[in-house]
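First up is the structure itself, then whatever we jot down about it.
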Amino acid sequence: MSTHHHNSLAGKHIAVVGGGLAGLAAAKVLADGGASLEVIESSDRLGGRVASDVIDGFTVDHGFQVYLSAYPEGERLLHLRDLDLQPFMPGALVWNGARAATVAHPLREPLAALVGALRGVIPVRDALRMIPFALAAAHGPAGGPGTPSGRTVLEELEAAGVSRRTIDGFFRPFLGGVFLDRSLNTDSSRMRFLLRMFAEGFACVPAKGMRAIPEQLAASIPQGRILLNSRVVAVEGTHLKLASGETREADAVILATGAHQLARILPAFSDLARLHEIPWCSTLSAWFATPDPSVLPRWLVLNGSGQGAFNHGAAMSAIAPGYAPSGRGLFVANSAYLPHGIDTCRDLAEDMRRTLGEILGRRATDGWQLVSLQRIRHAIPRQWPRDLGTHLPASLGPHVFIAGDHLEDSSINGALRSGRLAAAACLRSFA
Ligand SMILES: Cc1cc2nc3c(=O)[nH]c(=O)nc-3n(C[C@H](O)[C@H](O)[C@H](O)COP(=O)(O)OP(=O)(O)OC[C@H]3O[C@@H](n4cnc5c(N)ncnc54)[C@H](O)[C@@H]3O)c2cc1C
């Protein structure tokens, strides 16, 4: 692979601005292609929005995130086996305000899905009606969401005949948790891709935390080619200015800073000013240490009651035991919005714990202690049909390329794909 571009690439230097998944995917493709490159990252670590901390022996990701084993970009760019992916049970434990029942994946386990239905979470009629919907989902787009449909998730579910009760009781917390947007106004192309991914694989986390994903990508970047704590403040052509006052001249640049930072460093492109205005979806994640790991479920937990701040959560230690020290458990509870003020956040965390006490039983939630409370305002760019209407160019000149989840869909797969495509275009520009 590396010889292919070699001659034309000789002496060329490529700067990748931003070391999130998009920038790291681009850097990996460039390095594999034999290019000389450098990753310039403003913070003190790589990974961007995908990160994990170890706190008192607990692995705490930055927000609740999962990797879907069927993501096509992972097949191309990651050694999945080395990530030691730990799968969730396919389905969810759904709370309707009175009782909790497991809703298994309707395709994988149709009988269990019906049992869930019979236990009163969704009407039997609805469960039956969803079989063709689930079958169609299994044949949805596998490569990515493709072009926006212009229709919302809600419109599409209603058109498929899914009842209001099932929409509110299941799809609102499930897709609201994935898109961090309970309005269900997200473009339905995102849902179709996602359901295909859920039909084909599993939601997983790497055994050692989500940060294993950026760490693996970073390992393919040659030594000494990562510049941390270095903010790019302006880009003119392929000329970069850093906050330190230093400048950098490259033969090509890939800008992978995330949508709201991009507009700041490219003042010359007034078109990009609207990037500042992209609304973001936000979340509050409360990580609880629990004294008895044996009572925690291996399912994603969804709140379909419409009551309280808790939307979705999971017992991380029941999925990936390495997330907690032995003998302890770790549960992450999430809202699909963010209140103002840290005091309100603490109240919300307590409110989420109370709801979980009702869902899982008081015994399961006794003695929980807050390990970490994360307010994540810029989680994912909103993806309503009107947000996706105007397309950003993927390049701003012959040697200036853009990458980031805002160019594809707001997901790990979208970020990786945007980086891979930007790097390929960059390599082609020298061919
Ligand atoms: C709470 C939460 C939950 C999520 N859940 C999921 C999920 O379950 N599944 C899924 O697939 N996806 C999920 N996502 C989405 C996924 O994490 C993102 O789409 C993806 O990580 C975006 O990567 P990126 O490289 O495009 O952007 P970022 O990760 O934002 O990377 C941008 C990088 O550029 C750096 N930077 C910014 N400005 C400058 C500058 N001027 N100079 C130098 N460097 C700069 C930043 O520090 C950062 O490191 C979730 C995201 C969040 C936050």
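Side notes on the structure shown:
- Note on the chain: helix-only mean residue ellipticity at 222 nm, from DSSP H runs of 4+ residues weighted -39500 (n - 2.57) and normalised by residue number, equals -9000 deg cm²/dmol.
- Amide H within-cut-off set for Val16, under 5 Å, with H built and near neighbours excluded: Glu38, Val39, Ile40, Ile254
- Within the straight-line cut-off of under 23 Å between alpha carbons, the lysines reachable from Lys241 are Lys12, sequence neighbours fewer than 8 places apart in one chain being disregarded.
- Gaussian network model of the chain, springs between alpha carbon atoms under 10 Å - residue of Gly306, Gly63, Gly414 with greatest fluctuation: Gly306
- Local charge for Asn413 was computed over the other residues whose Cβ lies under 12 Å away, with Lys and Arg +1 and Asp and Glu -1, and equals 0.
- Alpha-carbon centroids, the stretch 8-38 and the stretch 50-71: separation in whole Å: 26 Å
- Amide H contacts of Arg382: Trp280, Cys281, each under 5 Å away and 5 or more positions distant or on a separate chain (H built 1.01 Å from N in the peptide plane; Pro and chain starts excluded).
- Gaussian network model of the chain, springs between alpha carbon atoms under 10 Å - residue of Thr186, Thr152, Thr247 with greatest fluctuation: Thr247
- For the stretch 19-78: rounded, prolate or oblate by the Cα gyration tensor [a/c cutoff 1.5]: oblate
- Three-way shape call for the chain based on the alpha-carbon gyration tensor, with the a/c threshold at 1.5: prolate
- Reachable aspartates and glutamates, given that their alpha-carbon falls under 18 Å from the alpha-carbon of Lys28 and they are not under 8 places away in the same chain: Glu38, Glu41, Glu73, Glu75, Asp82, Glu215, Asp251, Asp405
- Structural descriptor for the stretch 1-79: relative contact order 27 percent, calculated from alpha carbon pairs under 8 angstrom and at least 6 residues apart.
- Phi to ³J(HN,Hα) by Karplus 6.51 cos²θ - 1.76 cosθ + 1.60 over the stretch 235-240, Hz, x for Gly, Pro: 10, 10, x, 9, 9, 10
- Order by protection proxy (mean Cβ within 10 Å, highest first), peptides 39-45, 11-17: 11-17, 39-45
- Per-residue 3J(HN,Hα) values for the stretch 366-375, derived from phi via the Karplus relation 6.51 cos²θ - 1.76 cosθ + 1.60 with θ = phi - 60°, read 5, x, 5, 10, 6, 9, 7, 10, 10, 9 Hz in sequence order (x marks Gly and Pro).
- Candidates Leu135, Leu68, Leu370: whichever shows maximal mean-square fluctuation once the chain is modelled as a Gaussian network with Cα springs under 10 Å: Leu135
- When you restrict to C-alpha pairs under 8 Å that are six or more residues apart and normalise by the size of the chain, the relative contact order lands at 24 percent.
All of the numbers you see were taken from the coordinates with simple rules; none came from a lab. Predicted model only: the values in this text are computed from it and were never measured. Neighbour counts run over all protein chains shown; Cβ positions are idealised from the backbone, glycine included.
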